[in-house]
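Notes follow once the structure below has been shown.
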Amino acid sequence: MIHAGGFKKVNGEYVGNKEAVLIENMEYVWVTGLEVTNDDEFSVNWRTSNRGESVDLENPRRFGIHVTIDSRATDTYTTVAGDETSRSYKGIVIDNCYVHDVDGNEQRQVNKVNEGIGVEVISNSNDGLFPYFDGVTLQNNRIDHVDRTGIKLVRISDLKNFYYPDDLNCDVDHNSANDQSRYNNIRSHDQAARNVRGVNNYVSDVGGDGILICESKGAVVEHNILDGNAMRGDGGNANAGIWSWNSFDTTFRYNESFHGPDYNQDGCSFDSNYWSAGTIFEHNYSHDVPMGFMLLMGGNDTDIIRYNLSQNDGLAWRHGAGGASSSFVLENAADGYKIRIWDVEKSAYYYLTVDGSDIKMTADDSAVWTAMDLHNGLHMLSMDRKYLSCVGEGNLFAASENA
C-alpha cells in the first residue's frame, strides 16, 4: 500500500516525467491519499517536435497517475510459466486521491491515454504478447482541471503501431491502425481487462473525455459525477462525457453528468460507442448539457438504455447511426424534444421531434417525411407513436431550454 496521512503532494513537473505517479508491471497495489499534479503551462498546447513531425513526438503525453503493463520495461515485465503470452496483472486500487492540473496534450492523434488517471496495456502483438489486467478499481478520487481525459480504463496500445516502439517517452501511435489492433486483440486473443470498476469519483473541468471505458469486459461504472467535459481544445475533437468503446457488457449506473460543452463533434453526457456489446446505461442523470443526453454511434450488439433522466439537455438522442442493433423507448418525452439520426445510406441527418402523442420526422428541420420513409431509409428504426424499435425503456426527458 502507498498511503499518505492526509494528502501527500506529488508534482510531475518537478520530477520531469510524463507521469507524476507510475505504477508499472505491478500487482496488488493500493494507492490512497495522494495529491497529484503535473502541469507546465496550461495555456500552451504542445505542437512542436525536434523530429519535425506536426505533433509533439518528444514527450507527447502527460499523466497524473499512470497504471500500466509495459513489456518494454524488461526489468519489471515478467511472464508466468505456462502463460508466457497472456498473463494477468491483478489487484490495483487507486483510492481517495486528488489529481488536478495535469496539462496533457489535446490532440486526438497523440494517444488518448493522456489524463488524470489512465490505465494502459503496452505490448507488441508481433511478439505474441497479450497481457491484461484482472482487477482494477478507481474509487473515491477527485479529478479536476486535467487534459485530455479525466479517467481512462483501459487502453491497449499495441507497439507494432507506434512510431518509435522502443522509446519509452514517445508513445505516439498510428491511431487508426492501433484501433484495429485493439479490436482484434480482445476478440482473437482475449486481451480484454476483467473486473474493472470506476466508483464514486468526482471529475470536473476536463479538456476532453470525462470517463472512458475501453478493451474490457464486465466493467462497472457507478456513482460518479462529471462536471464539465470538452472544456478545451478544438470543438470538433470528438469528446463525450461518460462512455465506452470496444468493450463487452459494460454497465453505467447512478452516474451524473452536467455542464457539458456548447459545441463538440460528440459532446453528449453519455455515449454508447461502436464495437461494443451488451452495454447498459441505467439510472443515470444528465442535465444542462447543450449537446444532449445520449450519443449513439451504431455497430453494436444490444445497447440497453433504461430508467435514465435527462433534464434541460439539448438533443435527447444524437448520432443514431444505421446498422446498429441498438434501440430506444421514449416515454414521457416533452413536446419539442428532438432526436437526431444519422442516415448512413444518404449521408445526412434527420430529426425526430416529439409532438403530442406523435413523433414527426424531418430532414434539416423542414421537410416532413413519413414513418415508412424513415424505416426504409435507415433500416434501423421502426416507428409506432413514441417508440423506436428495440431495447430500452422508462427514460424520462424533462423540458429543455437547450432543445
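For Gln265, enumerate residues with amide H under 5 Å from its amide H, sequence gap 5+ or separate chain, H modeled in the peptide plane.
For Gln265, the qualifying residues are Gly236, Asn237, Ala238, Asn239.
For the residue pair Asp301 and Asp75, what label-to-label distance in nm results when each label sits 7 Å from Cα along the Cα-to-beta-carbon direction?
The two pseudo-label positions are separated by 4.4 nm.
Sorted from fewest to most neighbouring beta carbons within 10 Å, what does the list Trp275, Trp243 look like? Before the final figure, lay out each step's value.
Details: Trp275 20, Trp243 31.
If I rank by nearby Cβ atoms, fewest first, I get Trp275, Trp243.
Order of Tyr28, Tyr89, Tyr164 from fewest to most other C-beta atoms within 10 Å? Could you put the intermediate results ahead of the total?
Working: Tyr28 11, Tyr89 24, Tyr164 14.
Least crowded to most crowded, the residues run Tyr28, Tyr164, Tyr89.
Can you classify region 211-292 as rounded, prolate or oblate using the Cα gyration tensor, where a ≥ b ≥ c are the square roots of its eigenvalues, rounded means a/c under 1.5, and otherwise it's prolate if a/b beats b/c and oblate if not? Walk me through the numbers before you get to the answer.
On the way: a/c = 2.34, a/b = 1.42, b/c = 1.64.
Cα axes put region 211-292 in the oblate bin.
Read phi for every residue in region 183-189 and hand back ³J(HN,Hα) as whole Hz from Karplus 6.51 cos²θ - 1.76 cosθ + 1.60, θ = phi - 60°, with x for Gly and Pro.
The phi angles translate into 4, 5, 5, 7, 9, 8, 10 Hz.
Could you pull out every residue, at least 5 positions away or on a different chain, whose amide H is within less than 5 Å of the one on Ile122? Hs are placed 1.01 Å off N in the peptide plane, and Pro or chain starts have none.
Ile69, Asp70, Ser71, Ser157
Per 0.36 nm of contour for each residue apart, how much would the distance between Ser188 and Arg253 grow if the chain were fully extended, relative to their Cα-Cα spacing?
Value of the extension gain: 20.5 nm.
FYI, it's all coordinate maths here, none of it is from the lab. Note that this is a predicted model, so its numbers are computed, not measured. Cβ coordinates were reconstructed from backbone atoms using ideal geometry, including for glycine residues, and neighbour counts include every protein chain displayed.
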